Structure formats: C-alpha cells, structure tokens
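Working notes for the structure below.
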Amino acid sequence: MIEFSKREKRMLMVLAGVAACTVVYLIVSQVMSYKKEAGVKSESNASRVSKMEELSDEYRMIKQKRASYEAMLRNEKGTTTIIEENAGSVNILRNKVYTQDRPSNIQGQYKKISTDVKFEGVDIKSLLSFMHKMENSNKLISVSYIKISQGLKGRNLYDVSIKFESLTAQ
C-alpha cells in the first residue's frame with residue numbers, strides 16, 4: 001500500500017475540494033440556466049396561450065354573428081310584408097301610397113332586393129319609430145335612401161320616400 005506524507009495528504013484534500021467545488025459549480029450553473037430558460041419559455045408560452053384564448057374568443061364571436069346572419073337570411077318574410085306589419089304597428093299604414101319591390105343582382109347564393117315605399121302625411125315620430133322597427137326586424141334590411149319633404153296635409157306632417165335594401169338566400 002502507498003503511504004502519503006502529510007503534505008501529499010493535504011494536497012489530495014485540496015485537490016478533492018477543488019474537484020468537488022468544480023463539480024458543484026457545473027451542476028448548479030446548469031440547473032440555474034435550466035431554470036432561467038424554463039422561466040423564459042413559461043412566459044413565452046403564457047403569452048401564446050393568452051393570444052390563443054383571444055383568438056378563440058374572437059372566432060366564437062364571429063361564428064355567433066355568422067349564425068345570426070344566416071338565420072336572418074333564412075327568414076322567409078318578404079320586405080313588403082315586414083313594411084306593412086311595422087307600418088301598421090305605428091299607425092302609418094293608411095298613409096302608404098305605394099310599395100315596389102325590385103330584385104337586383106344575384107351575388108353568389110344571395111339575392112339583393114330593393115324596395116321603395118312612399119308615405120304621405122306622416123309625423124316624424126311615427127316615421128322614426130317605423131324605421132327603427134324596420135332595421136331591427138330580424139332580417140338583413142338597411143335604409144339606402146330616404147327623402148323627407150314638407151307635406152301638403154298639415155304643418156307637422158311630411159311626405160317620405162324610403163328605399164330599403166335587403167338580402168335573402170336563393
């Protein structure tokens with residue numbers, strides 16, 4: 001067996017201590033760098049998850065809007081029928097002079113219809129109520145043209161020409 005002197009034993013202990021410190025440093029530095037990288041990846045993944053949640057919410061909203069628009073397009077009531085119902089509910093149906101439907105161009109699977117309606121001698125409050133009911137009638141209807149002129153029947157009564165645009169499925 002080899003015998004070491006005191007000096008050699010001390011040198012071996014110092015060498016073992018330095019080796020142990022080096023091994024501990026290398027292991028600790030690797031663990032620390034891994035933790036740092038994991039933290040950065042975690043933050044990156046958290047931001048990606050939040051973006052995905054936002055996209056998912058936006059997709060869900062678009063899907064709901066599309067479903068509601070498709071339901072509106074499947075509405076079988078004609079624009080003239082809706083005009084008469086809403087005019088009757090605000091008591092201006094008797095003031096209706098004419099209603100005229102004009103089918104326009106066909107865009108893919110949808111047909112655009114223009115409907116002209118004219119009222120004579122209506123008050124402005126009833127007219128606004130009628131227009132509000134028309135645009136909120138669960139059908140894709142919008143006002144594309146309106147002309148209001150002073151009526152001959154009274155001071156606060158007006159003659160109104162309105163052009164409604166609507167879309168229906170073919």
Residue check for Glu85: surrounded by 11 or more Cβ atoms within 10 Å (Cβ to Cβ) and free of Cβ contacts under 8 Å to residues at least 60 places away in the same chain: yes
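Residue-by-condition table, conditions (1) assigned to a helix (DSSP H, G or I); (2) at pLDDT 85 or above; (3) β-branched (Val, Ile, Thr):
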position: His132; (1), (2), (3): yes, yes, no
position: Ser137; (1), (2), (3): no, no, no
position: Tyr145; (1), (2), (3): no, yes, no
position: Ser149; (1), (2), (3): no, yes, no
position: Leu152; (1), (2), (3): no, no, no
position: Asn156; (1), (2), (3): no, no, no
position: Lys163; (1), (2), (3): no, yes, no
Residue in segment 83-92 that is modelled with pLDDT of 85 or more, over 30 Å from Ser129 (Cβ atoms) and of a type in the set (D, E, K, R) present: no
Selection from segment 108-130 of residues that are within 13 Å of Thr168 (Cβ to Cβ), in a strand (DSSP E or B) and either free of Cβ contacts under 8 Å to residues at least 12 places away in the same chain or of a type in the set (Val, Ile, Thr) (or both): Ile113, Thr115
Tally of residues being at positive phi and in contact with a strand residue (DSSP E or B) (Cβ under 8 Å, 6 or more places away or on another chain) across segment 87-110: 0
Qualifying residue in segment 4-11 (condition: within 23 Å of His132 (Cα to Cα), outside any helix (DSSP H, G or I) and either not β-branched (Val, Ile, Thr) or not assigned by TED's automatic domain parsing to the domain that holds Gln109 (or both)): no
Filter result for Thr80 (touching a residue at least 12 places away in the same chain (Cβ under 8 Å), surrounded by 14 or more Cβ atoms within 10 Å (Cβ to Cβ) and not in a helix (DSSP H, G or I)): no
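The values are calculated or read from the model by the stated rules, or taken from the named source; none is laboratory data. Being a predicted model, the structure only gives us computed values, none of them experimental. Positions of Cβ are backbone-derived with ideal geometry, glycine not excepted, and every protein chain shown enters the neighbour counts.
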